[in-house]
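Undergrad: Sending over a structure as structure tokens; questions will come in a sec.
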Amino acid sequence: MWARRDRVVVHLTAAAAEGDRSENAEYIYRKKQLREIDRRIGYLQRRMPVLKVVERDVKSAPSTVFFGAMVELADEDDNTVTYRIVGADEIDAGKNWISVDSPMARALLKRSPDDEVTVATPAGKRVYWIVAVAYA
């Protein structure tokens, strides 16, 4: 982020040197880009001190769902889906990474394969069965 910010500052300085800033699209764009980078850096600086690496000894319960688990589920229609339980900053719907704070993850925690799980969804209650649990 800092290297990217430095590059933007160089381009901003060059755009500012061109004269009238009120109609200079390059200057306006680089100012906006710099604000976004500074906002992101500020957010990360506030988050870094409170982040913790979760180390769990999964050897003692390798098939129990905890933080970081990849959980394969089957529904009533025998459709399967796999979710990974991650922290709030790592959520990625495209990869099926769900927050440990989500209703689905809360229902799965401390469960094992063949357990039945009922999850309250916006469409109503859904029943799932845990097919497999794995850790990367």
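Undergrad: Going by the conditions given, is V86 over 29 Å from W2 (Cα atoms) and touching a Phe, Trp or Tyr at 6+ places or on another chain (Cβ under 6 Å)?
TA: Considered against the rule, which asks whether it is over 29 Å from W2 (Cα atoms) and touching a Phe, Trp or Tyr at 6+ places or on another chain (Cβ under 6 Å), V86 comes out as no.
Undergrad: Return only the number of the condition from (1) within 14 Å of L73 (Cα to Cα); (2) of a type outside the set (V, I, T); (3) without any contact (Cβ under 8 Å) to a residue 24 or more places away in the chain that L109 does not satisfy.
TA: Going through the list (1) within 14 Å of L73 (Cα to Cα); (2) of a type outside the set (V, I, T); (3) without any contact (Cβ under 8 Å) to a residue 24 or more places away in the chain, L109 breaks only (3).
Undergrad: Just give me the residues in segment 45-84 being among the hydrophobic types (A, V, I, L, M, F, W, C), surrounded by 12 or more Cβ atoms within 10 Å (Cβ to Cβ) and modelled with pLDDT of 85 or more, in sequence order.
TA: Within segment 45-84, V65, F66, F67, A69, M70, V71, L73, A74, V81 qualify.
Undergrad: Just to be sure I understand, how many residues within segment 5-44 are loosely packed, with under 13 Cβ neighbours inside 10 Å, closer than 28 Å to V86 by Cα and of a type in the set (D, E, K, R)?
TA: Of the residues in segment 5-44, 2 are loosely packed, with under 13 Cβ neighbours inside 10 Å, closer than 28 Å to V86 by Cα and of a type in the set (D, E, K, R).
Conditions (1) among the acidic types (D, E); (2) in contact (Cβ under 8 Å) with a residue 12 or more places away in the chain; (3) in the same structural domain as D89 (by TED's automatic domain parsing), marked per residue:
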position: A15; (1), (2), (3): no, yes, no
position: E18; (1), (2), (3): yes, no, no
position: S22; (1), (2), (3): no, no, no
position: E26; (1), (2), (3): yes, yes, no
position: K31; (1), (2), (3): no, yes, no
position: D38; (1), (2), (3): yes, yes, no
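Undergrad: Report every pair of residues separated by at least 6 positions or lying on different chains whose Cβ atoms are under 6 Å apart, first residue within segment 81-102 and basic (K, R), second surrounded by 15 or more Cβ atoms within 10 Å (Cβ to Cβ).
TA: Listed pairs, sorted by first residue: R84/M70; R84/W97.
Undergrad: Within segment 105-136, how many residues are farther than 23 Å from E90 by Cα and among the charged types (D, E, K, R)?
TA: Number satisfying all stated conditions: 5.
Undergrad: Next question. Any residue that is within 16 Å of V131 (Cα to Cα) and either among the acidic types (D, E) or out of contact with any helix residue (DSSP H, G or I) (no Cβ under 9 Å at 6 or more places or on another chain) (or both) - is there at least one of those in segment 33-47?
TA: no
The values are calculated or read from the model by the stated rules, or taken from the named source; none is laboratory data. For clarity, every value in this text was computed on a predicted model and none was experimentally measured. As a convention, Cβ positions derive from the backbone with ideal geometry for all residues, glycine included, and neighbour counts pool all protein chains shown.
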